[in-house]
Amino acid sequence: TLASSGPTFTAIILPGLLAGAVFLFSTVWLDNEVADRRTAISMSFPYFMDLAVMTMEAGADFRESVQSYIDDNPGEALAEELSITLNEMKMGRVFQEAMGRLSDRISADEVVSIIRTIMQGDRMGTPLGQVFRDQSDTLRFRRSQMAERAAEEMKVKLQGPAMLLMISVLVLILGPALLEMFSSDFL
């Protein structure tokens, strides 16, 4: 019975454990990559919006604005996604369809909601420059609110360590004096 349990472990159980470990590691790695890409897109999207507003108000159309962003930011995640969208539009997809596919590819909630608002504005006939201006202002306002909220949360989080630091400084300063007072029979 011992001879039969050896090959079973090495032939079936060990490869199964290794496959499970590799699967778990690759899943965690892939989730981290997706989260990093989502964060990179969210961080660079406000710059894209501001650039699109400037170029559209200067007379460029959407495609020229996107191309300008792609040329200025090669290798960035958002530039890659916009490049795919621009190529789809060059191959004949209409603006609505290309933007819909972009929002499907990008999983950052804030970016997706802005893209859908831009699509709705285009559907309603609002000039894209105005839609981009409004969304850029909204995005800037949201970011400032998030920064203010983070600053307020940081104040609360720093109160505990600040109190501990003050107490430790008081102990360091007053500790030797108190020890001296107790050892010299001052009290």
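What you get for the chain, charging only the Cβ of Lys and Arg (+1) and of Asp and Glu (-1), is a dipole of about 420 debye around the Cα centre.
Given the DSSP H assignment, sum -39500 (n - 2.57) over each helix run of at least 4 residues in the chain and divide by its residue total; what's the result at 222 nm in deg cm²/dmol, nearest 500?
Helix contribution divided over all residues of the chain: -30000 deg cm²/dmol.
Return one number: the angle in degrees, 0 to 90 and rounded to the nearest 10, between the long axis of the Cα atoms of helix 62-72 and the longest principal axis of the Cα atoms of the chain. Once rounded, one gets 50 degrees.
Counting only heavy atoms of protein chains, what accessible area per residue, in Å², does the stretch 1-144 have with a probe of 1.4 Å?
Normalised by residue count, the accessible surface of the stretch 1-144 is 59 Å².
If the chain linking Val22 and Leu178 were pulled fully straight, counting 0.36 nm for each residue of separation and taking away their Cα-Cα distance, it would gain 50.1 nm. Helix 95-105 against the longest principal axis of the chain: what's the angle in degrees, Cα atoms only, rounded to the nearest 10? For helix 95-105, the angle is close to 30 degrees. One chain, two ends: Ile84 and Arg140. Fully extended at 0.36 nm per residue, the span grows by 17.6 nm beyond their Cα-Cα distance. Were the residues from Thr8 through Ala151 laid out at 0.36 nm apart, the gain over their Cα-Cα distance would be 45.6 nm.
Once both labels are positioned 7 Å from their Cα atoms along Cα-to-Cβ, the gap between Gln120 and Tyr47 label points is 2.9 nm. The Cα atoms of the stretch 55-187 cover 94, 30, 29 Å along the three principal axes, with the biggest extent listed first. Each peptide in 100-110, 11-21 gets a packing score, the mean of other Cβ atoms within 10 Å over its residues, and the list from highest to lowest is 100-110, 11-21. Hey, any idea what % of the chain's accessible area is carbon plus sulfur with a 1.4 Å probe? Roughly 66 percent, rounded to a whole number. Computed packing ranks the peptides 62-75, 162-175 as 62-75, 162-175, most packed first, by mean other Cβ atoms within 10 Å.
The values are calculated or read from the model by the stated rules, or taken from the named source; none is laboratory data. As the structure is a prediction and not an experimental result, all values here were calculated from the model. Every residue, glycine as well, gets a Cβ built from its backbone with ideal geometry; the counts of neighbours run over all protein chains shown. Just so you know, the surface numbers come from the protein's heavy atoms only, side chains and all, with ligands and any DNA or RNA stripped out. Shrake-Rupley method; radii C 1.70, N 1.55, O 1.52, S 1.80 Å.
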